Structure formats: structure tokens, C-alpha cells
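The values are calculated or read from the model by the stated rules, or taken from the named source; none is laboratory data. Nothing here was measured: the structure is a model prediction, and the numbers come from that model. Every residue, glycine among them, receives a Cβ derived from its backbone with ideal geometry; neighbour counts consider all protein chains shown.
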């Protein structure tokens with residue numbers, strides 16, 4: 001990696017909220033530009049170069065065109081970073097993976113459904129190319145982004161926490177959502193957010209993805225106390241895991 | 001004069017989402033002149049089916065980050081209308097403040113980061129860090145003010161955390177609102193500074209006029225954002241409940257976005273449409289900004305949507321101060337921690353119509369008796385502008401054929417950017433293609 005790595009941002013199928021979080025660094029974004037050189041960021045600049053070292057990819061893969069474009073980016077980049085939950089594991093786009101695709105198209109485009117070209121599933125970028133680092137979250141946390149970028153520049157191997165959100169919720173001394181008769185995905189969701197949504201008065205929606213192995217890594221005590229288990233909560237209540245959930249089932253069968 | 005022109009601008013930059021402009025001129029005749037939306041389809045209206053009434057606003061926020069609070073607000077209004085859920089006056093003030101903060105943020109982002117570089121002949125805001133350092137600092141300060149305002153109400157500026165059907169899970173602190181009020185008051189200098197710069201550069205905005213229809217919400221008591229009835233500059237007041245007949249969505253070949261038309265082949269929504277329909281209700285500062293630019297209703301130059309956004313930036317600051325004053329007048333009514341408004345679930349249908357940064361947004365849901373969505377329709381402002389952009393291009397291109405291909409391409413890209421299209425919204429788009437021979 002060069003002293004001032006050349007970085008590029010690319011958006012696939014998504015809301016562009018993770019790139020917006022980068023812009024929302026406000027003045028600190030300009031500090032970041034002291035240590036990296038942004039050579040492509042279509043949302044914010046007309047300049048473009050295919051000569052970059054780090055590619056940040058936002059959004060999931062939803063079309064054949066997305067796949068081809070992603071492969072080209074992988075060829076150009078030394079390092080590919082999945083930016084946000086859609087790129088990391090499919091995210092909210094993958095809700096439709098559980099629906100019949102012909103029905104999905106018909107509901108949105110009616111008689112013109114045949115004109116629409118898209119894959120039947122929304123997928124994470126790792127289903128197409130090798131991914132070197134992941135910054136999950138919907139949206140990403142600005143601090144986590146800065147930490148990962150500065151780590152990558154210094155050659156630090158990026159790691160993701162594998163403890164459930166419940167651990168952070170206890171540290172924050174939040175009242176447990178289950179005690180308030182709400183269903184919360186905190187016991188099976190990857191931590192790292194400081195249990196922010198619970199702190200803001202609601203519950204965990206699972207936006208950072210599942211812990212590696214829900215059956216082993218979940219915070220089961222709270223689930224058992226409320227007559228639930230990890231399987232049930234993953235199957236019945238997920239919003240973000242339309243891609244992750246069947247993957248987990250497949251892996252389970254392979255074992 | 002260019003006899004043969006091939007413009008094929010794939011993925012127009014500095015817009016939210018993906019779109020292409022295709023222009024092909026042979027022997028002085030315009031053969032192709034198209035605005036294509038090429039965003040990957042998102043299928044949100046299908047993804048909403050079978051979702052619970054507590055989830056719809058969370059899912060739809062993800063249609064578009066830059067107007068996520070807007071989608072959340074329209075979604076909650078649709079759900080509340082469908083299920084008969086009321087909202088306290090305090091919660092309505094808070095909803096408005098969050099919406100104003102996001103619209104302020106979005107307008108500043110568009111004007112300062114995306115449109116301004118065109119006016120100073122740059123490719124992005126980055127070179128302006130050297131040439132216009134102070135102005136960029138001003139833009140960043142205003143942008144952060146919008147974000148901080150939203151964050152104080154919603155918990156987060158991208159994808160709200162506290163918004164719920166019937167209220168909020170958590171309230172801001174009164175001293176937070178006080179501090180924001182002070183910052184809003186002292187933001188006038190920054191608005192003036194941006195107005196000075198834009199005024200200096202305003203001759204770079206092309207002089208182009210094409211008569212069209214303007215559609216927005218209108219409200220008897222205020223410049224409409226959060227609520228109101230529909231208004232057309234051609235036909236007058238319209239019922240929100242007739243929105244499907246008003247927008248007439250149609251799928252167009254080459255675009256994944258749907259196009260719309262009401263009284264003419266196309267209509268315009270957004271800051272300029274709101275200004276044209278409701279200018280008399282602007283606050284005094286906003287009116288003063290409009291006067292500096294000579295912007296008067298009815299204005300038919302789409303490039304001046306940029307100026308209308310600046311006028312609205314001033315108005316949003318004034319309106320936010322008004323909302324904070326209303327909230328603090330009697331002190332905030334406290335609510336329990338982890339507040340969950342009580343809801344009696346019944347089957348029903350409801351429409352939420354909200355003015356958001358890029359124009360009027362509709363969410364329309366039908367719920368079954370279990371509180372799950374059986375049918376959803378979302379009509380996005382950017383989609384309502386596609387047909388108008390197309391009509392503008394058709395009128396504009398023949399008048400600028402004497403310019404170089406680069407100049408034509410820039411003029412067309414600036415046109416598209418003036419609409420501030422947010423193509424991430426269920427569909428993206430923006431690419432100028434000059435078709436190769």
C-alpha cells in the first residue's frame with residue numbers, strides 16, 4: 001500500500017446511505033483526504049480513475065450487470081471493502097429473496113414486469129468476488145469507518161466482533177426489550193454498535209447481521225427466559241437476513 | 001456548429017443514483033434525445049407485503065438514505081391513516097423538525113457539493129477546498145446543522161431510530177433544542193454567504209424556459225412540507241386520495257423508473273414547484289433571498305430549482321425556529337422511557353403525502369386485520385420529474401446544437417442535476433450517452 005492510498009467508492013443496489021455517512025463526517029472527511037486520495041466517488045465527483053488500491057463497495061448485487069461491474073472492480077483493486085449491510089450480507093434488499101420473483105416483479109411493474117431485468121435474489125458482494133474487509137451496519141457507523149480505514153492504511157488485519165448486541169446493551173445499562181414485551185434481535189445479532197437502537201428507545205433490528213453461529217454464539221439466557229430459542233428468532237423475526245438465513249441452513253446441512 | 005453529435009453519458013455523476021443521457025444528432029437532425037433511468041430495481045413495494053405495521057417505516061427508510069427521514073415520515077403517515085392512529089401536537093412539531101432538518105441537509109448537499117462545482121468549472125467540491133476554502137467551510141457548517149437537527153429528534157440523521165407509528169420512542173432534551181435554536185439563529189450569516197456566492201455565479205445558470213405544470217402540496221396555514229392538499233399550477237387544488245390518477249405512472253422502455261404525466265405530457269415537482277405554488281407563504285428571510293435573485297412565481301427555468309433550494313434553505317431555518325419555539329413554549333410533555341404508543345390494530349388503507357427535498361412523495365398502504373400490509377404503492381418525487389427532464393431535453397437540445405459536444409453534455413448534465421434527482425429511490429439513473437456511430 002502506498003503512503004497515500006488511492007481509494008474509490010462504488011454504489012450497487014442500495015440507498016447510498018453508507019456513502020452519505022462518509023460525507024456526514026463533515027470537516028473530518030477533509031482530514032481523511034490528507035491520508036487517502038479519492039479517485040472515484042460518482043455520487044460526489046465527476047472525476048474517475050480505474051487506478052485505485054482500495055475499493056469500497058456499497059449495495060448488494062441485484063443484476064447481471066452488477067456482477068460484471070463488480071468483477072472488473074475486483075480486478076483493479078488490491079483490496080475490496082464491503083461498505084454497509086447490503087454489500088456485506090444482502091441487507092434489507094434480501095427481504096425479496098423470500099418472495100416468489102415473478103410475483104415480486106408483477107407487484108411493482110404490473111403488466112410491464114417482463115421489461116425488468118434483475119436477478120431473482122439480492123446478494124452480498126462476497127457471492128461474486130473475494131472480500132478483504134467488511135463494515136456492516138445500516139447505515140455504517142462513522143467512527144467504525146474511520147477506524148477501519150486508518151487500520152487498512154497501517155496494514156492492520158480487520159476483525160469483526162462476534163459477540164451479540166446483548167453484551168453491549170448490558171454495558172449501556174439499557175432496559176431489556178424482552179422485559180418490555182418487545183421482540184429484539186440483539187441476542188443473535190453481531191455487536192459493535194453499542195446497542196444504539198435500544199438506547200434510542202426501541203429494539204435491535206439485526207442490521208449488523210447474524211453472529212457467526214447463532215446456535216452457539218447467541219445470548220441464550222434472555223431468549224430462554226422468554227420461551228424462545230435462537231432458531232425461532234432467526235426464522236420468524238429477521239428483516240435483514242434474507243440471504244444469510246438460508247446460507248446458514250445450507251452450511252448446517254453440510255456439517 | 002456540430003453537424004454530428006454523439007453523446008452517451010453513462011452514469012451522470014454528482015446525482016444520487018444512476019441515469020444516462022443519450023443524444024444523437026446526424027446532419028443537424030436530432031435523432032435520439034433520451035433520459036434513461038438505469039438504477040437496479042429495488043422492489044420495495046413487494047418487500048412491504050406481509051410486513052407488520054411496526055416495520056414499514058423502518059424498511060422504507062432504506063429506499064433512499066438522503067431522504068430517509070422523508071420516507072419514514074410518509075410511511076408513518078400512511079400507516080397512521082390506515083390504522084386510525086392519532087398524533088399529539090408535540091409529536092407533529094417533532095416530525096416537522098426532523099423533516100426540516102433532513103431537507104436542509106439535502107438542499108445544502110445538493111447545492112454546495114453537487115451543483116456548485118459546475119458553476120465554477122470544476123469536477124467536484126474537492127478543488128474548491130483550495131479555491132473557495134471559506135465558502136466550503138460555510139457549506140459544511142450548514143450541512144452539519146441540518147444533520148444535527150434531524151439527529152436530535154430522530155436519534156440518527158440517516159435512518160431514524162425514534163420514529164414510531166403514533167409518536168417517538170424517545171424525546172430530545174429541552175436544552176438540546178435550545179442550543180439548536182441558537183445555531184439556527186446564527187446561521188443567517190452562512191445563508192447570506194452562500195447567497196452571495198451563488199449570486200456571483202448565477203450567470204453560469206443557463207437561460208432556458210419551457211412552460212410546464214407544477215405540482216406540490218399546499219396548506220392554508222404554512223408553506224407546505226409535512227401536510228396539505230395537492231395543488232397543480234394548471235388545474236388548482238386536487239385531492240391527495242386521487243393521487244394515482246394525478247401521477248399516471250407508466251413504465252417506459254430504457255428506464256427502470258416509472259414516468260408520470262397529469263395535465264400535460266409532463267409536470268415538475270420539487271423546490272421550484274413548491275416555490276411557484278406557495279411563494280406567498282415563505283418567511284421574510286426566504287422572501288428576501290428570492291428577491292436578491294429576482295426569483296418570482298411563476299418561474300419556468302428548471303435550472304433555477306437551485307435558487308429555489310437556497311430560498312427554501314432560508315425558509316427551513318425560519319420554520320425550524322418556529323417549531324422549536326412552539327415545543328418549548330409550554331415545556332416538553334414528558335413520556336415514559338422506551339415509549340411505545342398504544343395502537344388498536346384494524347384493517348384499513350391510508351395514504352401519506354409529504355413534501356420532501358425533491359418534491360411530493362406518496363406512500364399508500366393497505367393493512368389486513370392482523371396489522372400486516374397486503375398492498376403497497378410508493379410514488380417517488382424523482383420519478384415524477386423524469387418525464388419533465390425528458391421534455392426539457394427535447395426542447396433544449398435543438399437550441400444548443402451550435403455548441404461543442406462537451407458544452408452540450410455539460411449543459412444537459414447540469415439540467416439533470418438541477419432537478420437534484422435521487423435515483424436511488426426505488427430506481428436510480430443519470431448517464432449522458434452521446435451514442436457512438
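Results for (1) surrounded by fewer than 24 Cβ atoms within 10 Å (Cβ to Cβ); (2) in a loop (DSSP other than H, G, I, E, B), shown as yes or no for each residue.
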residue: B:327; (1), (2): yes, no
residue: B:333; (1), (2): yes, yes
residue: B:340; (1), (2): yes, yes
residue: B:361; (1), (2): no, no
residue: B:392; (1), (2): no, no
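For every residue, the table says whether it meets (1) on the phi > 0 side of the Ramachandran plot; (2) in contact with a strand residue (DSSP E or B) (Cβ under 9 Å, 6 or more places away or on another chain); (3) outside any helix (DSSP H, G or I); (4) surrounded by 16 or more Cβ atoms within 10 Å (Cβ to Cβ).
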site	(1), (2), (3), (4)
B:237	no, yes, yes, no
B:272	no, yes, no, yes
B:280	no, no, no, no
B:292	no, no, no, yes
B:304	no, no, no, yes
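Taking region A:11-31 as the range and being more than 21 Å from residue B:61 (Cα to Cα) and either outside the structural domain of residue A:96 (by TED's automatic domain parsing) or not in a loop (DSSP other than H, G, I, E, B) (or both) as the test, the residues that pass are A:27, A:28, A:29, A:30, A:31. Taken over region A:81-93, the criterion of being within 9 Å of residue A:134 (Cα to Cα) and more than 10 Å from chain B (Cβ to nearest Cβ) is satisfied by A:81, A:82, A:83, A:87, A:88.
Inspection of region A:125-132 identifies at least one residue that is part of a helix (DSSP H, G or I) and in contact with a helix residue (DSSP H, G or I) (Cβ under 6 Å, 6 or more places away or on another chain). For region B:270-289, the criterion of being within 14 Å of chain A (Cβ to nearest Cβ) and at pLDDT 90 or above is satisfied by no residue at all.
Considering every residue within region B:121-136, establish whether at least one is surrounded by fewer than 20 Cβ atoms within 10 Å (Cβ to Cβ), within 21 Å of residue B:61 (Cα to Cα) and either within 14 Å of chain A (Cβ to nearest Cβ) or free of Cβ contacts under 8 Å to residues at least 24 places away in the same chain (or both). Among the residues of region B:121-136, not one is surrounded by fewer than 20 Cβ atoms within 10 Å (Cβ to Cβ), within 21 Å of residue B:61 (Cα to Cα) and either within 14 Å of chain A (Cβ to nearest Cβ) or free of Cβ contacts under 8 Å to residues at least 24 places away in the same chain (or both), which makes the answer no.
Residue B:79 - would you say it is more than 14 Å from every other protein chain (Cβ to nearest Cβ), touching a strand residue (DSSP E or B) at 6+ places or on another chain (Cβ under 9 Å) and crowded, with 24+ Cβ neighbours inside 10 Å? So residue B:79 fits the description; yes. Kindly establish whether residue A:173 is within 14 Å of another protein chain (Cβ to nearest Cβ), exposed (fewer than 15 other Cβ atoms within 10 Å of the Cβ) and not in a helix (DSSP H, G or I). In short, yes. As a summary of the residue check, residue A:31 satisfies the conditions (1) more than 10 Å from chain B (Cβ to nearest Cβ); (2) within 24 Å of residue B:144 (Cα to Cα); (3) touching a helix residue (DSSP H, G or I) at 6+ places or on another chain (Cβ under 8 Å) except for the one numbered (3). Does at least one position in region A:94-116 carry a residue that is at pLDDT 95 or above, under 30 Å from residue A:155 (Cβ atoms), within 12 Å of another protein chain (Cβ to nearest Cβ) and buried (at least 16 other Cβ atoms within 10 Å of the Cβ)? The answer is no; no qualifying residue exists. The residues of region B:147-183 that are closer than 19 Å to residue B:64 by Cβ, within 10 Å of chain A (Cβ to nearest Cβ) and in contact (Cβ under 8 Å) with a residue 60 or more places away in the chain, listed by number, are B:154, B:157, B:158, B:159, B:160, B:163. No other residue among A:224, A:216, A:231 is within 30 Å of residue B:46 (Cβ to Cβ) and more than 14 Å from chain B (Cβ to nearest Cβ) apart from A:231. The residues in region A:41-79 that are in contact with a strand residue (DSSP E or B) (Cβ under 9 Å, 6 or more places away or on another chain), within 14 Å of chain B (Cβ to nearest Cβ) and assigned to a helix (DSSP H, G or I) can be counted, and the count is 5.
Candidates are the residues of region B:43-58 that are at the interface with chain A (Cβ under 7 Å from one of its Cβ atoms), touching a helix residue (DSSP H, G or I) at 6+ places or on another chain (Cβ under 6 Å) and not in a loop (DSSP other than H, G, I, E, B); the one that is farthest from residue A:237 (Cα to Cα) is B:45.
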